[in-house]
Amino acid sequence: MVTGGAAAYFKRFVRRFAEEVWRIGVDGRDATQITRNGAEFGVESADGESLYYARQGELWMENLRDGREEKMVAGMAGRNFMRGPDGIYFVLRRGDAAPAVERILADGRREVVLPAVGTPSDRIGAMALSPDRKWLLFERVDQSDSEVMVVTGLQ
């Protein structure tokens with residue numbers, strides 16, 4: 001759940017395999033469905049006029065006044081985005097190149113924050129930005145191993 005001041009946003013299954021973002025007052029009343037076409041992990045813009053959310057590897061924005069949706073980013077790495085004091089930060093998957101961190105400013109312009117994060121095969125997880133915007137913390141998974149175990153002699 002992500003709070004945005006007077007409201008909190010959460011995802012909820014509305015039908016089998018279909019998630020949507022809902023808003024509920026911090027008093028726990030008046031839950032309202034915000035998105036209608038599939039979404040997860042909603043984050044309200046700093047001015048409270050828009051909701052950013054992930055949908056199938058894309059970053060979308062919905063105007064909270066008129067419900068108009070706009071695709072902001074295709075090729076986002078999972079649902080890796082967050083609101084910072086100066087915009088929406090996200091991880092962009094770039095084919096054979098290493099992922100990059102970019103941000104969308106209030107006027108809609110995009111800026112590169114980190115041109116390359118790790119290697120092309122790395123998965124970038126959760127992010128956090130320091131209040132002074134001098135530090136960006138993120139999870140980088142560079143290896144994923146597993147083993148198959150066989151246990152014999154069971155009774």
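Key figures
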{"item": "Scope the range 91-143; condition in a strand (DSSP E or B) and acidic (Asp, Glu); matching residues", "result": "102, 111, 139"}
{"item": "Leading residue by the ranking (surrounded by the fewest Cβ atoms within 10 Å (Cβ to Cβ)) among those in the range 63-97 that are in contact with an Asp or Glu (Cβ under 9 Å, 6 or more places away or on another chain) and acidic (Asp, Glu)", "result": "70"}
{"item": "Hey, residue 60 part of a strand (DSSP E or B), surrounded by 12 or more Cβ atoms within 10 Å (Cβ to Cβ), touching a Gly at 6+ places or on another chain (Cβ under 9 Å) and not aliphatic (A, V, I, L, M) or not", "result": "no"}
{"item": "Residue that is nearest to residue 56 (Cα to Cα) [pool: residues in the range 1-43 that are at pLDDT below 85 and among the β-branched types (Val, Ile, Thr)]", "result": "14"}
{"item": "Qualifying residue in the range 36-52 (condition: in a strand (DSSP E or B), within 26 Å of residue 138 (Cβ to Cβ), in contact with a strand residue (DSSP E or B) (Cβ under 8 Å, 6 or more places away or on another chain) and among the hydroxyl-bearing types (Ser, Thr, Tyr))", "result": "yes"}
{"item": "Qualifying residue in the range 113-128 (condition: loosely packed, with under 13 Cβ neighbours inside 10 Å, among the charged types (D, E, K, R) and modelled with pLDDT under 90)", "result": "no"}
{"item": "Where a residue in the range 7-33 is under 18 Å from residue 64 (Cα atoms) and its partner, wherever it lies, is among the hydroxyl-bearing types (Ser, Thr, Tyr), with Cβ under 6 Å and at least six apart", "result": "20/35; 21/9; 21/35; 21/53; 23/9; 23/32"}
{"item": "Boolean, residue 100 is crowded, with 18+ Cβ neighbours inside 10 Å and at pLDDT below 85", "result": "no"}
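The values are calculated or read from the model by the stated rules, or taken from the named source; none is laboratory data. Here the structure is a predicted model, which means the values were calculated and not measured. Note that each Cβ is placed from the backbone with ideal geometry, even for glycine, and that neighbours are counted across all protein chains shown.
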